[in-house]
Amino acid sequence: MWNITISSPVFTLTTLLSASILSACSGGSSSEPPIVSKDKCAIFGVGAKCDIATGRLFQLISPVAASAEPRPVLLAFHGSPPSYGTPEKLNQFLALQQFADQYGYLIALPQGGDDWAWSSELQPGATKSVDTQYAQDIVDRLVSAHNADASKVATIGFSAGAMMSYQLICQIPEQVKAAFTISGQAVGELAACQPALPVALHHLHGTGDTEMPINGRVTISGKKINSLTDTLARFRQINGCASTYEEIEPIQLQTAGNLATRFEYQGCLKVTGYTLVETTEHQPDYIKTELHTLMHTLFDSAF
C-alpha cells in the first residue's frame, strides 16, 4: 500500500534586445520568422533556438516538418534552480523536441528567475503575476511571428514549474486551456483559484516523492504547497466532476519498471485526473512515448 493520505483519487534581460540581433539562427530565408541570434540562444544549449517576449528570452522548439496550418502551443516551465532550473534540463527530461515533431506543437520554454523560479502563488481576482503576463506575451509573440494558434494553448510544468502551470489555468483559462503538471501542486490559497471556465488537468507524481511530497508542505520561506488531494478537490469543483472515478489499468511509465496507475474523475466538464507512479524519485526517467501519449491525450481533449 502507498503511504499517502489521498482520500480520493486524486536570465532576465533588463531592456529589449536591439533589432539588429533579430535574425535567423541558421541564416535562413527572409520569409522565416526572426529568431534571436545564436550567441544569445547559447544559454539554452548547443544548437538551441530562442526568441524574446517582454524583454526576456525563451527557448523555442519547432516541429521539423513544415506546416501551413497554425500550430498548437505548449508553454513548458522548468523547476527551481540549481537542480532543475533551466529550460535545457526540462527539454532533456521531457524530450520536448520529440513531442513537437510527433504532434506538431510549437513549444516555448520560458527562462525563470532564482529561488523558486516563478511568481507562481495563486493570485486573487484579476491580479496577474509578472510571469503570467510573461506567458501571455510569449503566446502573442508566437502568434505574430511563428504561425501559432491562439485558440490551442496548453502548459506543462515540472516541480516549481508545475506550480506556475496551475497559476495559468487558474488565471487565464480562456487562453491556457489545459495543464499537465508533474511533481508539484498548486501553491498558495486554493480559494484564490477561480477560473471563469473549466480547464483540463492531469497531474503526474511519484507516490514516495520526498522533495515534493504528495501531502504538501510549507517551505522555509513560508510558501504553502497544497496537498495533491486538496489541489485536485479544487479542480473537481471547478470542472463539476462527480466524486466517482475510473481507475485505469497500471502501465509501465518509468524506465526502471515502476508501474503507474491513472485515475480519471467522471462527469467532468473538462478532463480531470492524475497518475501515480510507484517511486520515491522527484524526477524519474519516464518512458517518453508513454508520457507523450498522456500529454497529447489531455491537450487534445481541451481543444
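The values are calculated or read from the model by the stated rules, or taken from the named source; none is laboratory data. Remember, predicted model here, so these are calculated numbers, not experimental data. With ideal geometry, Cβ positions are generated from the backbone for all residues, glycine too; neighbour counts draw on all protein chains shown.
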What pairs can you find where one residue is in segment 63-91 and among the acidic types (D, E), the other is at pLDDT below 95, and their Cβ atoms are less than 7 Å apart, with a gap of 6+ or different chains? E88/F44; E88/G45
Condition check for A150: out of contact with any helix residue (DSSP H, G or I) (no Cβ under 8 Å at 6 or more places or on another chain), surrounded by fewer than 23 Cβ atoms within 10 Å (Cβ to Cβ), within 30 Å of E69 (Cβ to Cβ) and of a type in the set (A, V, I, L, M): no
Out of E249, E278, E211, E264, sole residue that is surrounded by fewer than 19 Cβ atoms within 10 Å (Cβ to Cβ) and touching a Leu at 6+ places or on another chain (Cβ under 7 Å): E278
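Checking the conditions here, which among Y166, Y134, Y105 is modelled with pLDDT of 95 or more, closer than 20 Å to G47 by Cα and of a type in the set (S, T, Y)? Working first, answer last.
On the way: Y166 fails: closer than 20 Å to G47 by Cα; Y134 fails: closer than 20 Å to G47 by Cα.
Testing whether each residue is modelled with pLDDT of 95 or more, closer than 20 Å to G47 by Cα and of a type in the set (S, T, Y) leaves just Y105.
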Pair list, Cβ under 8 Å, 6 or more apart: segment 93-107 residue outside any helix (DSSP H, G or I), other residue of a type in the set (D, E, K, R): A95/K288; G104/R71; Y105/R71; L106/R71
Return the residue satisfying two criteria in turn: it lies in segment 214-246 and is assigned to a loop (DSSP other than H, G, I, E, B) and in contact with a Leu (Cβ under 9 Å, 6 or more places away or on another chain), and of such residues it is nearest to S165 (Cα to Cα). N226
Of the numbered conditions (1) touching a His at 6+ places or on another chain (Cβ under 9 Å); (2) polar (S, T, N, Q); (3) modelled with pLDDT under 95, S62 satisfies every one except a single condition; which is it? (3)
Looking only at segment 214-246, and only at residues there that are of a type in the set (G, A, S) and either farther than 21 Å from E264 by Cβ or in contact with a His (Cβ under 6 Å, 6 or more places away or on another chain) (or both), the one that is surrounded by the most Cβ atoms within 10 Å (Cβ to Cβ): G216
